[in-house]
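Here is the structure we will look at.
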Amino acid sequence: MSDADISVTGGRIIPGDLPCLVCQARSSAVCSVLKGERIACLKDIVVRRQIDAGRRLFDEGDPAAHYFIVTDGAMMVFKEAHDGRRQITGFLYPGDMLGLNHHQRYAYSAEALGEAIVCQYPIAAMNGLFREFPDMEHWLLRHCSDELASAHDQMFLLGRKTAMEKIATFLWFQMHRMRRRSPDATRLELSMSRREIADYLGLTVETVSRTITRLRRDGTIRT
């Protein structure tokens, strides 16, 4: 088994050169700080991996050997109870990073919502780049700060908001994320199912469906 396959349970490696100059995640991912010829330092350490819809990139508890950047499609990260209950903790889009931790095993599972592509970075090599290029380390600190702020927002949403407020906040946030990627977008296309929305918001599928129907009936949204 090669280094590229360690700790990865799903997906397949995409051969060929890295399409960094035309990558839709280039402007927002950690590699965005590598200008000009600096980007060439990635070619010997990064591989691209395609994950089919519903396949897992890694499972909670797997040995952590890589960081990943979503470059196409969407992923979800989640934790599972022994009885099968699931709490989705985030939805990730091009430019988002996953796999960060200070332990030797992944703290959550990651699964593709639809067909997705990630860039896979060996942790040891990536840590070397952080030391060599301080701008990359600064990007990582900002990313971790944003993740912490998002975790606080999510705890407030789960603990204090009504079902209607949860759905409205979720839709607003997804629209905000989409417009960051596509500023001219006017229609929100969700990659996740109502079951996945329910598992993210701590609701039942029936409650999600009823709430969306009410928002549509009130003219707040159009579907």
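Restricting attention to the stretch 47-83, and to residues there that are of a type in the set (Lys, Arg) and part of a strand (DSSP E or B), which single residue is farthest from Ser109 (Cα to Cα)?
Per the criteria, the residue is Arg48.
Taking the condition of being in contact (Cβ under 8 Å) with a residue 24 or more places away in the chain and in a helix (DSSP H, G or I), how many residues in the stretch 181-209 meet it?
Number satisfying all stated conditions: 8.
Of the numbered conditions (1) in contact (Cβ under 8 Å) with a residue 60 or more places away in the chain; (2) out of contact with any strand residue (DSSP E or B) (no Cβ under 7 Å at 6 or more places or on another chain); (3) not in a helix (DSSP H, G or I); (4) not assigned by TED's automatic domain parsing to the domain that holds Ile69, Gly114 fails exactly one; give the number of that condition.
(4)
Scan the stretch 117-134 for residues that are modelled with pLDDT under 95, over 12 Å from Tyr67 (Cα atoms), not basic (Lys, Arg) and not in a loop (DSSP other than H, G, I, E, B) and report the count.
5
Is it the case that Ala125 is closer than 24 Å to Asp44 by Cβ, in contact (Cβ under 8 Å) with a residue 12 or more places away in the chain and not assigned by TED's automatic domain parsing to the domain that holds Ala198?
Here the answer is yes, as Ala125 does meet what is asked.
Any residue at all in the stretch 125-145 that's surrounded by 12 or more Cβ atoms within 10 Å (Cβ to Cβ), within 25 Å of Ala53 (Cα to Cα) and within 20 Å of the chain's Cα centre (by Cα)?
Looking for residues that are surrounded by 12 or more Cβ atoms within 10 Å (Cβ to Cβ), within 25 Å of Ala53 (Cα to Cα) and within 20 Å of the chain's Cα centre (by Cα), one finds none in the stretch 125-145, hence no.
For the stretch 63-80, check the following and say yes or no: at least one residue is surrounded by fewer than 13 Cβ atoms within 10 Å (Cβ to Cβ), aromatic (Phe, Trp, Tyr) and not assigned by TED's automatic domain parsing to the domain that holds Arg179.
No; the residues of the stretch 63-80 include none that is surrounded by fewer than 13 Cβ atoms within 10 Å (Cβ to Cβ), aromatic (Phe, Trp, Tyr) and not assigned by TED's automatic domain parsing to the domain that holds Arg179.
Out of all the residues in the stretch 181-190, is one or more of a type outside the set (Ser, Thr, Tyr), within 22 Å of the chain's Cα centre (by Cα) and at pLDDT 95 or above?
no
The values are calculated or read from the model by the stated rules, or taken from the named source; none is laboratory data. Not measured: the values here are computed from a predicted model. With ideal geometry, Cβ positions are generated from the backbone for all residues, glycine too; neighbour counts draw on all protein chains shown.
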